[in-house]
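These notes concern the structure reproduced below.
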Amino acid sequence: MSIINGSLFGDIVKFHKPEHYASTAVIVIDESDNKWPDETMENWLARKQSQQETLRFCKELGCRTIVVHEYRERHPKHIYDIIEKPDFSCIKKKVGVLNSETKPTLMHFLEEEKITSLVLMGGHYSMCVRESLIGRCSYGVRNSGILNYHITVLSSPSLLAHYKPEMYQLEPKFSASATTFNNQDNEYLCDTKWPLFALHPMMRFYTKIEE
């Protein structure tokens, strides 16, 4: 399922069950204090507020926090004011977060902490965020993404830059693409638009973050 009418916060509670070996962590990918060039000031301010509300909720619930940096380490104030110090951080030096040269690798941390779902927030979703999740299979480059490892990813348009409401049908929707999408598709190009990974079967995308 791609777009889900309902509350992100409600499902975070359902997915975070450490006593049953099912834990949720928050992952922040390539975030900074600045807005993206094609993001409106209104969306930027609303996104920061939504990210902080979500981080507070997850922190109180006992979820781990993960920060993934693009090429160099940055400490966006609106993120670090809430989390103070992440449980895990790395610098992504290559396309796809699972191919990071940092040690320990993100996948090792997820396995060690028994993380089965991730709450996603961060920067430009049509580039580094998407490639970290689904990887890249184009121009002879094949890098695996988080969703290939049967980890459920939960997010909301309000947590990612830049949100364009006209790109989404805000209603429950099943799609053939959700069951047939394959990262080993030679047709996949690096400029593929967002909806491709929104249709991934392990990606849950909520219309709002709370009740």
Check: Calculated FRET efficiency, Lys114 and Glu53, Cβ-Cβ r, R0 22 Å, to nearest 0.05?
Finding: 0.25
Checklist line | Phi-based couplings in Hz for segment 146-161 (Karplus 6.51, -1.76, 1.60; Gly and Pro marked x) | finding: 4, 5, 6, 9, 6, 9, 6, 10, 10, 7, 8, x, 6, 9, 10, 9
Check: Among residues other than Gln52 whose Cβ falls under 14 Å from its Cβ, what is the net charge (Lys/Arg +1, Asp/Glu -1)?
Finding: -2
Checklist line | Amide H contacts of Ser89 (H built 1.01 Å from N, under 5 Å, at least 5 apart or other chain) | finding: Val67
Notebook entry, point to check: From the phi of every residue in segment 46-56, what ³J(HN,Hα) in whole Hz does the Karplus formula 6.51 cos²θ - 1.76 cosθ + 1.60 yield, where θ is phi - 60° and glycine or proline is x?
Noted result: 5, 5, 4, 5, 5, 4, 5, 4, 5, 4, 4
Notebook entry, point to check: With each label point set 7 Å from Cα along the Cα-Cβ vector, what nm distance links Leu45 and Asp81?
Noted result: 1.3
Next item on the list: May I ask you to rank Phe57, Phe88 by accessible area, largest first, using a 1.4 Å probe over the protein chains only?
Entry: Phe57, Phe88
Margin query: Amide H of Leu118 versus every other amide H placed in the peptide plane: which residues, excluding those fewer than 5 positions away on the same chain, fall under 5 Å?
Written below: Ala25, Thr152, Val153, Leu154
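The values are calculated or read from the model by the stated rules, or taken from the named source; none is laboratory data. Keep in mind that what you see is a predicted model, and the values were worked out from it rather than measured. So basically every Cβ, Gly included, is an ideal-geometry build from the backbone, and we count neighbours across all protein chains shown. When the accessible area is computed, the model is the full protein with side chains, heavy atoms only, and any ligands, DNA or RNA have been set aside. Shrake-Rupley method; radii C 1.70, N 1.55, O 1.52, S 1.80 Å.
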